[in-house]
Amino acid sequence: MTILTDTAVAGIDDQPDPKNKLMIALDVDGTLVDHDGHMSPAVREAAQGVVAKGHDVIIATGRSLNAALPIVELIGLERGYVVCCNGGVTLRLDPSLEDGYEIVHKATFDPAPALEALRERLPGAKYALEDEAGNFLSTERFHDVSFGVESIPVDFRTLLDSTAVRVVVFSTENTSEEFNTAIGHIGLSGVTYSVGWTAWLDIAAEGVTKASALEALRLQLDIDPENTLAIGDGRNDIEMLTWAGRGVAMGQAPDEVLAVADEVTESVLDDGAALVLRSVL
């Protein structure tokens, strides 16, 4: 593992040679923005720089569509792709489209088996899901910036009967370690899941991760695997960092994320993402 310190910034006047064009996958929370949702000027300018340089910059986030789009706008990304919902939804950006984007892939699943198993083990947790129409349904008042829309209160049975793109479980009664232990005892199957910094669980369809969505895009864009770069900080970034030719973990990432990274940059509070992005300009 390399500890990234500083690299001189090159000019951004020339577009990259097609053979040297990079596919750059950027996590959002804890990477581009801090945990208050703020993007520093240094990170914004560096991200805008790699976009202007002509590299294939792809936002790869656990956030849903509506919560990812403001980040896209901040970094000046008008064309390309966005991976949302930890790989569950992929958007194609194009300013000529009515909304400026279209959904090109959506991976749905039956959430009932996972929800029933989790409810039995974690009865006091909050449960929410994004359905195939993009609505967020929740068992109680449950809002998070990653949703991008207000959740709609429903009963638990409605969640069981829904088709999901993403399921979110949050517990105020447990630490992330206790949450991990509980999930380990449940033995979730038929889905892909990751635990966040707190007792927060994201669930997607089986085999669906940021990495699976990014690999499909890499093949479509005809980018050499060695020309892929990913930056992230969370457990939901582990597959993405492993997938990338150059996987960079943020300095504040947990140990299991640091362990799979090729490099470690500074923390989000010290503009670690900007340091990495400048290194490719």
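At-a-glance table
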| quantity | calculated |
| --- | --- |
| Residue match in segment 150-168 (condition: hydroxyl-bearing (Ser, Thr, Tyr), part of a loop (DSSP other than H, G, I, E, B), under 15 Å from ALA125 (Cα atoms) and without any contact (Cβ under 8 Å) to a residue 60 or more places away in the chain) | no |
| Any hit, segment 64-76, residues being assigned to a loop (DSSP other than H, G, I, E, B) and either at pLDDT 95 or above or basic (Lys, Arg) (or both) | yes |
| Matching residues in segment 199-234 - criterion: being farther than 21 Å from PHE109 by Cα, in contact with a strand residue (DSSP E or B) (Cβ under 7 Å, 6 or more places away or on another chain) and among the charged types (D, E, K, R) | ARG218, ASP233 |
| Count of segment 138-159 residues which are open to solvent by less than 20 Å² (accessible area, probe 1.4 Å) and at pLDDT 90 or above | 2 |
| Near pairs, Cβ below 6 angstrom, 6+ apart or cross-chain, from segment 88-108 (on the phi < 0 side of the Ramachandran plot) to any residue that is part of a loop (DSSP other than H, G, I, E, B) and among the hydroxyl-bearing types (Ser, Thr, Tyr) | THR108/THR163 |
| Restricting segment 231-245 to residues that are in contact (Cβ under 8 Å) with a residue 60 or more places away in the chain and assigned to a loop (DSSP other than H, G, I, E, B), the residue that is nearest to VAL195 (Cα to Cα) | GLY234 |
| Matching residues in segment 117-136 - criterion: being open to solvent by 20 Å² or more (accessible area, probe 1.4 Å) and under 16 Å from THR163 (Cβ atoms) | ASP131, GLU132, ALA133, GLY134, ASN135 |
| Matching entry among ALA259, ALA244 (being open to solvent by less than 30 Å² (accessible area, probe 1.4 Å) and either at pLDDT 95 or above or of a type in the set (Gly, Ala, Ser) (or both)) | ALA244 |
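Per-residue answers, yes or no, for (1) polar (S, T, N, Q); (2) at pLDDT below 95; (3) over 15 Å from VAL57 (Cα atoms); (4) open to solvent by 30 Å² or more (accessible area, probe 1.4 Å):
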| residue | (1), (2), (3), (4) |
| --- | --- |
| GLU206 | no, yes, yes, yes |
| ALA216 | no, no, no, yes |
| ALA230 | no, no, no, no |
| ASP237 | no, no, yes, no |
| ALA249 | no, no, yes, no |
| LEU277 | no, no, no, no |
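The values are calculated or read from the model by the stated rules, or taken from the named source; none is laboratory data. Fair warning: this is a prediction, and the values are worked out from it, not measured in the lab. Every residue, glycine as well, gets a Cβ built from its backbone with ideal geometry; the counts of neighbours run over all protein chains shown. To get the accessible areas, we keep the full protein, side chains included, count just its heavy atoms, and leave off ligands, DNA and RNA. Shrake-Rupley method; radii C 1.70, N 1.55, O 1.52, S 1.80 Å.
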